[in-house]
Amino acid sequence: MFFPDYGISTGSGHLNRLLSLAERVKDTFEIEFLFFNPVKYKFPFQFDKIINCETVSDEINYLSNKLLQNQTAIVLDGYRFNQKYQSELRDKLKE
């Protein structure tokens, strides 16, 4: 799962890095992109799944559910995925 910090107020660097990585591994792994805001109509490449979340709580819940399946690796790329964000995700996994 790839989760770039991408939207109207951010640049496309985070997205471009993850698109490049996804392109390299698409024949080996199921590719899924998660976005904070709906961007499907703007998304430049079609992968298996595109998920949109509207709140940080939705993100944390979705990511923790995927991680609990033990078959998901998550690649985050963005400035907002700081220590606090990672702690919230880790705490959710402990529930």
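In terms of modelled amide H atoms, which long-range or inter-chain residues lie less than 5 Å from the amide H of V75?
F2, F3
Once amide H atoms are built 1.01 Å from N in the peptide plane, which residues 5 or more positions from N52, or in another chain, come under 5 Å H to H?
When sequence neighbours closer than 5 places are left aside, the close amide H contacts are F35.
HN-Hα J couplings of the range 57-67 from phi, Karplus 6.51/-1.76/1.60, θ = phi - 60°, integer Hz, Gly and Pro as x?
Each residue of the range 57-67 in turn: 4, 4, 4, 4, 4, 5, 5, 5, 4, 5, 5 Hz.
Compute, for V75, the solvent-accessible surface of its heavy atoms (probe 1.4 Å) with the complete set of protein chains present, and express it in square angstrom to the nearest 10.
Roughly 50 Å² of V75 is accessible to a 1.4 Å probe.
The values are calculated or read from the model by the stated rules, or taken from the named source; none is laboratory data. All values derive from a computational prediction rather than experimental measurement. All accessible areas refer to the heavy atoms of the entire protein, side chains included, with ligands and DNA or RNA removed. Shrake-Rupley method; radii C 1.70, N 1.55, O 1.52, S 1.80 Å.
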